[in-house]
Amino acid sequence: MSQRTDSAIAPEAVAPKLADGVLDLNTVPGEWVNGCRVFIHYNGPTDQLSVMCTGMAVLDVGASPHEPHRHPEEEFLIVSEGNGEIYCGDETTQVGPGAIMYCAGNVLHGIKNTGKVPMTFYWSKWQAKSAQ
């Protein structure tokens, strides 16, 4: 990951096609940015997508990976540990383990740890080849 002031991850459509396989936290380096540890598992094109970007983040108490933002890719956020809030569209929802957000492309969204322990979530965002 390059130097950044927030942990918004840019999809890499010009990267090599993603390879089949399994990655775990022993093979994926993490980077600390503003109270957020970010792990990028996959980021690049696939046979059917111009780009697929997926990974995991661990937020310190009170942290957010970045301000609410929008991008052309659709996205899922899946909370696995901790509590917080997800902003999607015009709505803020309190979330905990098992909560899943879907957000269409170009919809404003964000996540923040409002709990008392670190919050772990996974994200996946993608753009179909026909959407270019």
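For the reader, a short list of remarks on this structure follows.
- Pair list, Cβ under 6 Å, 6 or more apart: region 47-71 residue under 19 Å from ASP24 (Cα atoms) and touching a residue at least 24 places away in the same chain (Cβ under 8 Å), other residue open to solvent by 30 Å² or more (accessible area, probe 1.4 Å) and hydrophobic (A, V, I, L, M, F, W, C): MET52/TRP126; GLY55/ILE40
- Yes/no for GLU91 being open to solvent by 60 Å² or more (accessible area, probe 1.4 Å), at pLDDT 95 or above, touching a Ser or Thr at 6+ places or on another chain (Cβ under 6 Å) and not hydroxyl-bearing (Ser, Thr, Tyr): no
- The criterion of at least 1 residues that are touching a helix residue (DSSP H, G or I) at 6+ places or on another chain (Cβ under 6 Å) is met, among strands (runs of 3 or more DSSP E) falling completely within region 40-132, by 49-59.
- Taking the listed residues GLU73, GLU12, the one that is charged (D, E, K, R), within 30 Å of LYS129 (Cβ to Cβ) and open to solvent by less than 40 Å² (accessible area, probe 1.4 Å) is GLU73, with no other qualifying.
- Which listed residue is in contact with a strand residue (DSSP E or B) (Cβ under 6 Å, 6 or more places away or on another chain), surrounded by fewer than 18 Cβ atoms within 10 Å (Cβ to Cβ) and either at pLDDT 90 or above or not aromatic (Phe, Trp, Tyr) (or both), from ILE86, ILE78: ILE78
The values are calculated or read from the model by the stated rules, or taken from the named source; none is laboratory data. Treat the numbers as computed from the prediction; the structure is a model and nothing was measured. Cβ coordinates were reconstructed from backbone atoms using ideal geometry, including for glycine residues, and neighbour counts include every protein chain displayed. In case anyone asks, the SASA skips ligands and DNA or RNA and just uses the protein heavy atoms, side chains included. Shrake-Rupley method; radii C 1.70, N 1.55, O 1.52, S 1.80 Å.
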